[in-house]
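Each remark here refers to the structure printed beneath this line.
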Amino acid sequence: MNKFFSLIVVALCMVMVSCSQSQGYKINVNFANQDFDGKKAYLTNYDTGDTIDSATVADKYLSLNGDVDSAYYARIIVDGNRFGMVVEPGVINVEWGEEIIARGTTLNDKLNQMNDQMVKLDKQWEEIESDFKSGKITEEVASKQNAALEEKQMSLLYSTYISNKNNALGPWAFTNYLIYKQFSTAQLDSILNTAPGNYRGYKRVLKAQSDAKAVESTAVGKKYTDFTMKSLDGKTQNLRDFIGNDGNFTVVDFWASWCAPCRAEIQGALTKLYNKYNGKGVKVIGVAVWDKPEDTKAAIDQLKIPWEVMMDDHYTTVPTDLYGISGIPHIMVVDPDGIIVSRGLQGEPLVQYIDMIMEKKNSIQN
């Protein structure tokens, strides 16, 4: 046997041994003061949503273990609560209290460092909101400060992706980076050209591409896209039932009961517009998405929503998929001819915009 062939045999044997050795992980979860006993907990793949393992919480403790070929980002879901972490070889200890943190393995420790920086940015967001509510800063200043923080958040995600392209943190940071800003299809292609080839196969990347195309086909200046849902009493409704048949501008609010900013928008700008313009040229309708129908109905009662709400008899993403909406609340304004004239305005800027178009409309009529 020649030396070269011997080296090949040895190398193959080493590969076979390494492949045959299982790389085990063990996740220990301590739920501290959380009362999840008797609840089923699920370990799911972050990108695909597939369930990898499950177990029942007992004595405020949960243990999951298995083999992992290569590290991946995952979620533990219990009683509707979610926590993201990296599944990788080793023992991962999760403390699930008011704050949740996973420790003990290399990538989870790196993730914690990045999360610490995110928490600092979140605190700055809270300070801006507090300053605005107390009157220390104007809405214009608050908006500029928030935009600057968003850029910092995007920069942090992008730098995390760049330094972790070839491990489990890379795809997680990359897909979250895509969520923070609405990229065009051309921009997405340019970004993906610099990413590892396998990134194009991630479901969240494919969704970002689909959303970009949907946004472009439903952009300001384009005709609205119709969809079918149901009314509060279960009757079939179409978006077209509310648009273009009475000369009104239509304010379409995509929302969910669990979304605090959505609820604030309903009680703030949308109620203000409804009270000022209902029956006078502007109608407001709600489109309930990403929610359980029973929770939607409860929120309609709690918030005393006076306008029509389109909903479904199941958790639905159809309307947001059609419009490429990745975050709610999302508010769209459609003119009497069915043309989209605004997307994404909220709060006082939305009220000011509706005031402007109504003043313009009334001046033309007079």
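Against the longest alpha carbon principal axis of the chain, how many degrees, from 0 to 90 and to the nearest 10, is the axis of helix 3-20 turned?
Orientation of helix 3-20: about 60 degrees from the principal axis.
Could you give the size of the charge dipole of region 265-344 about its Cα centre, using +1 on the Cβ of each K and R and -1 on the Cβ of each D and E, expressed in debye and rounded to the nearest 20?
It works out to roughly 460 debye.
Which value in nm describes the separation of the simple spin-label points at Ala260 and Tyr315, placed 7 Å from the Cα toward the beta carbon?
Roughly 2.2 nm, to one decimal.
Helix-only estimate, please: 222 nm mean residue ellipticity of the chain, summing -39500 (n - 2.57) across DSSP H runs of length 4 or more and dividing by its residues, to the nearest 500.
Counting only the DSSP helices, I get -13500 deg cm²/dmol.
What nm value, rounded to one decimal, do you get for the distance between Ser155 and Glu348 when each label is placed 7 Å out toward the C-beta?
Taking the simple label geometry, Ser155 and Glu348 are separated by 2.8 nm.
State the number of lysine pairs found in region 17-128 whose Cα atoms come within less than 20 Å, restricting to pairs 8 or more positions apart or on distinct chains.
So the count works out to 7.
Strictly greater than 14 Å: what percent of every Cα pair in region 58-114 meets that?
Above the 14 Å cut-off, region 58-114 has 57 percent of its Cα pairs.
Among 247-260, 69-82, 126-139, how do they line up by average Cβ neighbours within 10 Å per residue, starting with the highest?
Highest to lowest by the protection proxy: 247-260, 69-82, 126-139.
Would you mind working out the accessible area per residue for region 60-112, using a 1.4 Å probe, and quoting it in Å²?
The answer is 49 Å² per residue.
For the chain, with the dipole built from +1 on Lys and Arg beta-carbon atoms and -1 on Asp and Glu ones, taken about the Cα centre, which of Ser159, Tyr315, Thr271 lies farthest toward the positive end?
Ser159
On C-alpha positions alone, give me the angle between the axis of helix 293-303 and the longest principal axis of the chain, in degrees, nearest 10.
50 degrees
Could you work out how far helix 169-180 tilts from the main Cα principal axis of the chain, as a 0 to 90 degree angle to the nearest 10?
Value to nearest ten degrees: 0.
Mind listing which chymotrypsin sites (Phe, Trp or Tyr not before Pro) in region 292-332 are in a DSSP loop and have 14 or fewer other Cβ atoms within 10 Å?
In loop regions of region 292-332 (DSSP not H, G, I, E or B), the sparsely surrounded chymotrypsin sites (Phe, Trp or Tyr not before Pro) are Tyr315.
What ranking do 31-41, 207-217, 230-240 get when scored by the average of other Cβ atoms within 10 Å per residue, highest first?
So the peptides 31-41, 207-217, 230-240, ranked by packing, come out 207-217, 31-41, 230-240.
Would you please give the FRET efficiency between Thr185 and Ala148, computed as 1/(1 + (r/R0)^6) with r the Cβ-Cβ distance and R0 = 35 Å, to the nearest 0.05?
My answer for the efficiency is 0.80.
Where the only charges are on Cβ atoms (+1 Lys, Arg; -1 Asp, Glu), what is the dipole of the chain about its Cα centre, to the nearest 20 debye?
In total the dipole reaches around 700 debye.
The values are calculated or read from the model by the stated rules, or taken from the named source; none is laboratory data. Here the structure is a predicted model, which is why all the values come from computation and not from measurement. When we count neighbours, we look across all protein chains shown, and the Cβ atoms used for this are built from the backbone with ideal geometry, even at glycine. Accessible surface areas use protein heavy atoms only, side chains included; no ligands, DNA or RNA. Shrake-Rupley method; radii C 1.70, N 1.55, O 1.52, S 1.80 Å.
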